[in-house]
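What follows is one structure encoded as structure tokens, with my remarks underneath.
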Amino acid sequence: MDLDKIKKADRTVLAVFERYGHRLHRVSLGLLYIWFGLLKPLGHKTTTSLLAHTVYWGNPESTVLILGWWEVAIGICLMFRPLVRLALLLLVIRLPGIPLAFILKPEVCFFQFPLAPTPEGQYLIKDFAVFLATLAIAGSLTEKNTSDKYH
């Protein structure tokens, strides 16, 4: 295969990524939030119970349900581009629970602080990484891109 064909293939692949990448990223994160969010009201134990017991607002079982449906709402908002800013707002409101869990329950979040997180700690770290990925998506909502139907 000659170099020109490789360069052409590379440009084609990058054009597809540029055209569909943000949309696929946004929708996949939305599906992830919906999936993980639905686990809570369906009765599956998740790390959200750690958050519910860390954030001392009412009954932990009710808090888990609220946080689960909150995540579903975040996911739905991410699925529809005009609602991404609302998803970001919902995420920012939920975000303080992550550092609170690490601060108030380090023995639950780490086998050995700071490099050996427990499964609960890993889940919270994943939550933070997904939050940062959502910020990257929100960054694509510049005025220049708002009218771009491909994002």
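Out of all the residues in region 27-76, which are surrounded by fewer than 22 Cβ atoms within 10 Å (Cβ to Cβ), in a loop (DSSP other than H, G, I, E, B) and at pLDDT 80 or above? If the condition is that a residue be surrounded by fewer than 22 Cβ atoms within 10 Å (Cβ to Cβ), in a loop (DSSP other than H, G, I, E, B) and at pLDDT 80 or above, then 41, 42, 43, 44, 59 are the ones that fit. Counting the residues of region 124-151 that are at pLDDT 85 or above and among the aromatic types (Phe, Trp, Tyr) gives 2.
Looking only at region 88-113, residues that are in contact with a Gly (Cβ under 8 Å, 6 or more places away or on another chain) and either among the aliphatic types (A, V, I, L, M) or at pLDDT below 85 (or both) come to 1 in all.
In this entry, residue 90 passes the filter for residues that are assigned to a helix (DSSP H, G or I), touching an Asp or Glu at 6+ places or on another chain (Cβ under 9 Å), within 24 Å of residue 24 (Cα to Cα) and aliphatic (A, V, I, L, M).
If you check residue 121 against the conditions, is it in a helix (DSSP H, G or I) and touching a strand residue (DSSP E or B) at 6+ places or on another chain (Cβ under 6 Å)? Taking the combined requirement at face value, the residue satisfies it.
The lone criterion from (1) closer than 28 Å to residue 22 by Cα; (2) touching a residue at least 12 places away in the same chain (Cβ under 8 Å) left unmet by residue 82 is number (2).
The values are calculated or read from the model by the stated rules, or taken from the named source; none is laboratory data. Everything numeric here is computed off the predicted structure, so don't read it as measured data. All Cβ positions, even for glycine, are placed from backbone atoms using ideal geometry, and neighbour counts span all protein chains on display.
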